[in-house]
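Below: one structure, written as structure tokens.
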Amino acid sequence: MRSNNKKEQILEAALQVVEENGANHLTIDAVATYANFSKGGVLYHFPSKKALLSGMVDHLIQANEKRMQALDHNDHLLSAFLHKENQMSAAERRASLALLAAAAEAPELLTPAKDYIKRVVDEISQNSQKPMEALTLFLAGEGIRFLDILEINPMSTKQTQEVVDQLSQRAEEV
């Protein structure tokens, strides 16, 4: 198996650990067990928990970018982005929560995520006739996503989808 495939397998195992057991159970040992690797095998690819978390951030960003590329957004980037946010898997949501917790101790872990969001914001602003309104819609969508990640969204799944649909519809007009 190629090195990239092994890294991917380890990252998927890390997401599974977080999804099934919560962020506080993310350890090199747990990931090794889930990936069916030795601890040394995991440490070869990710020499520390911090390196593993950094890899998870990159993995989540790549997953977001793949979802964006797969969407047919007919030049409505913001609308596509809003819909994409609702397509995050449970594992990705839990991993996002784990990464937020880890970032409290090591804020530099979020640098790639900051760079990714900056690129998205710049692209939304540049492709909108009403950049401030577009950014307001984007931030509303991000707020919903964070409510979901933190598992404190008071709306039902149906209500959330209706709000996202309205945001997306409005996004196509700006």
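Computed over the chain, relative contact order equals 24 percent, with contacts defined as Cα pairs under 8 Å that lie 6+ residues apart.
Phi-derived couplings, Karplus 6.51 cos²θ - 1.76 cosθ + 1.60 at θ = phi - 60°, listed residue by residue for the stretch 111-116: 4, x, 5, 4, 4, 5 Hz, with x used for Gly and Pro. Here the Karplus relation 6.51 cos²θ - 1.76 cosθ + 1.60, evaluated at θ = phi - 60°, turns the backbone of the stretch 140-157 into coupling constants of 4, x, 5, x, 4, 4, 5, 4, 5, 4, 7, 6, 10, 5, x, 8, 6, 4 Hz, with x for every Gly and Pro. Relative to one another, the C-alpha centroids of the stretch 35-73 and the stretch 145-174 are positioned 27 Å apart.
For 99, 137, the sequence from fewest to most other C-beta atoms within 10 Å is 99, 137. Take the Cα of residue 133, step 7 Å toward its Cβ, do the same at residue 33, and the gap between the two points is 5.4 nm. The convex hull of the Cα atoms of the chain, projected and averaged over all directions, covers 10.6 nm².
Pairs of Lys residues in the stretch 3-171, spaced 8 or more positions apart or belonging to different chains, with C-alpha separations under 20 angstrom: 18 in total. The long axis of helix 90-105 is offset from the longest Cα principal axis of the chain by roughly 80 degrees.
Length gained on full extension, residue 151 to residue 105: 14.4 nm, using 0.36 nm per residue less the C-alpha separation. Count Lys and Arg as plus one, Asp and Glu as minus one, and take only other residues whose Cβ is under 13 Å from that of residue 155; the net charge is then -2.
Bear in mind these aren't lab numbers, they're just calculated from the coordinates by the rules spelled out. These numbers come from a predicted model, not from an experiment. Neighbour counts run over all protein chains shown; Cβ positions are idealised from the backbone, glycine included.
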